Amino acid sequence: MTVIEASGLRKEFTVRVKSGWLRRRTRIVAAVDGIALSVERGEMVGYIGPNGAGKSTTLKMLTGVLYPSAGQVRVCGLEPVPQRTRLALRIGVVFGQRSQLWWDLPLRDSFALLRHVYAVPATEHAGRLAHCRRLLDLDAFLDVPVRQLSLGQRMRGELTAALLHGPEVLFLDEPTIGLDLVSKQAVRAFLAALGAAGDTTILLTTHDLADIERLCRRLVVIDQGRIVHDGSLDELHARYGSRRRLVVDLDEPLAAPLALPGVTVESTQANGRRITYALDGTTAAGDLVSRLVEAAALRDISVLEPDIEDVVARLYTRQAAP
Amino acid sequence: MRGDDSLAPHATGSRAPSYRAYLALAAAGFQRYATYRQATVAAVVTNSVFGFLRFAVMLAVIDAGTRTVAGYDNRQLATFVWAGQGLIGVVLLWALPEFAERIRTGDVITDLLRPIDPMSQLLAADLGRAGYAVLTRFVVPVVVGALVFDLYAPRRQVTYALFACSTLLATLVCFSCRYLVNAAAYWLLDVRGPQTAWTLTSGIFGGLYFPVWFFPDAMAIGLIVATPFPSVIQIPLDILVERGSPAVQLGLLGVQAGWVVTLLALCRWVQRRGERKLVIQGG
């Protein structure tokens, strides 16, 4: 079942630029420029892109707080903006930089209030809360007013608050921003478990690519308002020529360079005794190693997996694949 | 729904927030203010101190011959001042522009993402807050006033009921006015201007600094009927000190009710326009 469906989605903003003492020029800027996206029930999608790429704008259009300039969008079969309050009952939203909790109330009271606001039956509420308390370790600070919580504690509270009404779709806008390592891991483990259960659809925006590596099988990359990649992480690596690298330490430099298809020398150090090869997959690493053993005395080898940060940075700066 | 202890989505079906949601929001409003006891103490002390100042000024203008001013006698005037000092806290004449701040920072989108519209959320919470204020900020200045001065006690039992209704309506009028000031942030971002205008006009034309009957009668009647300001302070106090017959009192309640309907409708309209602006232009 398709839960999120968008086509030709576009959002333009009017920007006024000073062009004289009193004169202002207006310029139309497309923050989102024709996005097509289809997400099935239970999918966990990472939605990434550089600052200003249009991630939050997309999220706002999907949740019904921003009206698209053009295009169609449906979430849970509803039109987000006109049917916003109905949609609100069926989605959960966490904005890492904003709070949906009541500042002056203890977390426990915020949750009780949400139960009434979302008209959740008492047993259902109690079940979900018990689950979150266990997985997110909430008990230690359940009675502390929200304003006194640390960022990590608050974020765990925010996640719980977004899930207590049993949303079908969970939108997370940078849920790990500013968190320490332990809190990040707690949040990721919780989301991984939620994703594994398979009945909540999750759309996650983040700048922390470790979030994506840990959590999302599908990755949508947006840049300047357009989707530049929609597929798995492996497909991204394949498409943008991310390469595994093999670093070898030799007793003596090679007499003649090796010629193997798909293998290039990235760098040589220590007078040719340390060589870094880049492999595009045409030749297996094992074959390269056996050729090296034939050619010289091999002292040490190590294989470096492609780095997601690298490939995404390349994507952002629009360096084409070689 | 699956087993008790899972996060499985709620079975799709009709579900809408009921009156319980509003009661819970009101209870949260009550609790929120009850949390800050020192702030409550500071507020009632301030209101009481200013009660002495205001009453001293009023006494100075009482006509030595008739012992009345603008139709109020000494005891009515004392009640007007002291109950007025309590009423400030109940209607919350001066509040921080919190909602405007939420609009300015964009936090308002989390309000929009709830199944209840932002205005109803705030109204329910404000009524809860007013309930707490009745028990604290209203009672203390009235008791202080009663201990030190001779206050006017209503002669007709029905006055108490009318005063309670009038106070509720005054709270709604005041809420609406504050809401409109805050909602100006959808267009202005900074609401210090409207806020200052509200503080001044509500004080001068609402009966806080002095009863509106200090103005010429025609002007006073014009203010009462044609502006919402006297509905906040002047009308509830006139009802309490039994200025005019029960029929006049009922008429005053009618004026307040008219303003409540008009202003809440206006708030709703402004909120829609503001949301439209936010949702279309992106704040």
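Read-outs throughout are calculated quantities, based only on the coordinates presented, and are distinct from any laboratory measurement. Owing to the predicted nature of the structure, the values given are computational and were not obtained by experimental measurement. As a convention, Cβ positions derive from the backbone with ideal geometry for all residues, glycine included, and neighbour counts pool all protein chains shown.
Between B:Thr35 and A:Asp310, what FRET efficiency follows from the Cβ-Cβ distance if R0 is 60 Å, with the result rounded to 0.05? Computed FRET efficiency for B:Thr35 and A:Asp310: 0.75. To the nearest Å, what is the center-to-center distance of segment A:276-300 and segment A:1-39, using C-alpha atoms only? About 49 Å separates the Cα centre of segment A:276-300 from the one of segment A:1-39.
Normalised by the residues of segment A:243-305, what does the relative contact order come to in percent, with Cα pairs under 8 Å and at least six apart? Reported relative contact order: 51 percent.
Placing dummy labels 7 Å off each Cα toward the beta-carbon, the span from B:Leu188 to B:Ala16 is 3.6 nm.
For trypsin sites (Lys or Arg not before Pro), the sites in segment A:159-236 that DSSP calls loop and that have at most 16 other Cβ atoms within 10 Å are A:Arg217. Label zone of B:Val61 (point 7 Å out along Cα→Cβ, amide N under 12 Å): in segment B:68-93 this covers B:69-72.
Add +1 for every Lys or Arg and -1 for every Asp or Glu among the other residues with Cβ under 10 Å from the Cβ of B:Leu92, and state the total.
Values: positive: B:Arg129, B:Arg137, B:Arg178; negative: B:Asp126.
With Lys, Arg at +1 and Asp, Glu at -1, the net is +2.
Across every direction, the projection of the convex hull enclosing the Cα atoms of chain B has a mean area of 18.5 nm². Across peptide A:112-125, the mean count of Cβ atoms from other chains lying within 10 Å of each residue's own Cβ comes to 5.
When the helix-only estimate is applied to chain A (DSSP H runs of n ≥ 4, each -39,500 (n - 2.57), divided by the residue count), what is the mean residue ellipticity at 222 nm, nearest 500 deg cm²/dmol? Please report the intermediate quantities before stating the final value.
On the way: 10 runs with 104 residues, N = 322.
Rounded to the nearest 500, the figure is -9500 deg cm²/dmol.
Could you work out, residue by residue across A:127-135, how many beta carbons of other chains sit within 10 Å of that residue's beta carbon, and then give the average as an integer?
If you average over the peptide's residues, the count of other-chain Cβ atoms is 3.
For a straight C-alpha distance cut-off of 15 angstrom, the aspartates and glutamates reachable from A:Lys55 (same-chain residues fewer than eight places away being disregarded) are A:Glu12, A:Asp33, A:Asp173, A:Glu174, A:Asp208, A:Asp223, A:Asp230. Cross-link partners of A:Lys60 among lysines, defined as those whose alpha carbon lies under 23 angstrom from its own and excluding same-chain residues fewer than eight positions apart: A:Lys11, B:Lys277.
What FRET efficiency would be calculated for the residue pair B:Val248, A:Glu235, taking the C-beta separation as r and a Förster radius of 60 Å, to the nearest 0.05? For R0 = 60 Å, the calculated efficiency reads 0.15. Applying the Kirkwood pairwise sum to the alpha-carbon positions of segment B:42-191 produces a hydrodynamic radius of 17.4 angstrom.
Charging the Cβ of each Asp and Glu at -1 and of each Lys and Arg at +1, and nothing else, the dipole of segment B:19-281 about its Cα centre rounds to 480 debye.
May I ask you to derive the FRET efficiency for A:Thr283 and A:Asp208 from their Cβ-Cβ distance with R0 = 45 Å, giving the value to the nearest 0.05? Could the numbers behind the result be given before it?
On the way: r = 34 Å, r/R0 = 0.75.
It comes out at approximately 0.85.
With a cut-off of 15 Å between beta carbons, the residues surrounding A:Ala255 carry a summed charge of -1, where Lys and Arg count +1 and Asp and Glu -1. The label point for A:Arg41 and the one for A:Val144, both projected 7 Å from the Cα toward the Cβ, are 3.9 nm apart. Computed from label points 7 Å out along Cα-Cβ, the spacing between A:Thr123 and A:Ala196 is 2.8 nm. Length gained on full extension, A:Arg133 to A:Lys18, computed as 0.36 nm times the residue gap minus the Cα-Cα distance: 36.2 nm. Its Cα centre serving as origin, segment A:243-305 has a Cβ charge dipole (Lys and Arg +1, Asp and Glu -1) of approximately 120 debye. Most tightly packed first, judged by the mean number of other beta-carbon atoms within 10 Å of their residues, the peptides A:88-100, B:229-241 read B:229-241, A:88-100. Among B:Val49, B:Gln31, B:Ile88, pick out the residue whose Cα is farthest towards the positive end of the charge dipole of chain B, where Lys and Arg carry +1 and Asp and Glu carry -1 on C-beta, about the Cα centre. Farthest towards the positive pole: B:Gln31. With a 10 Å cut-off around each Cβ of B:113-120, the average count of Cβ atoms from other chains is 5. Take every Cα pair under 8 Å whose residues are at least 6 apart in sequence, average their separation, divide by the length of segment B:23-127, and the relative contact order is 42 percent.
Taking a span of 15 Å or more along the helix axis (Cα atoms) and a mean Kyte-Doolittle hydropathy of at least 1.0 as the rule, the DSSP H helices of chain B that qualify are B:37-61, B:158-183. Between the C-alpha center of segment A:60-107 and that of segment A:195-262 there is a gap of 31 Å.
Sequence gap at least 6, Cα distance under 8 Å: using those rules, report the relative contact order of chain A to the nearest whole percent. Let's see the in-between values first.
Values: 591 pairs, mean separation 58.4, N = 322.
Across chain A, relative contact order equals 18 percent.
Taking the Cα centre of the protein assembly as shown as origin and assigning +1 to Lys and Arg Cβ atoms and -1 to Asp and Glu Cβ atoms, the resulting dipole is close to 1800 debye.
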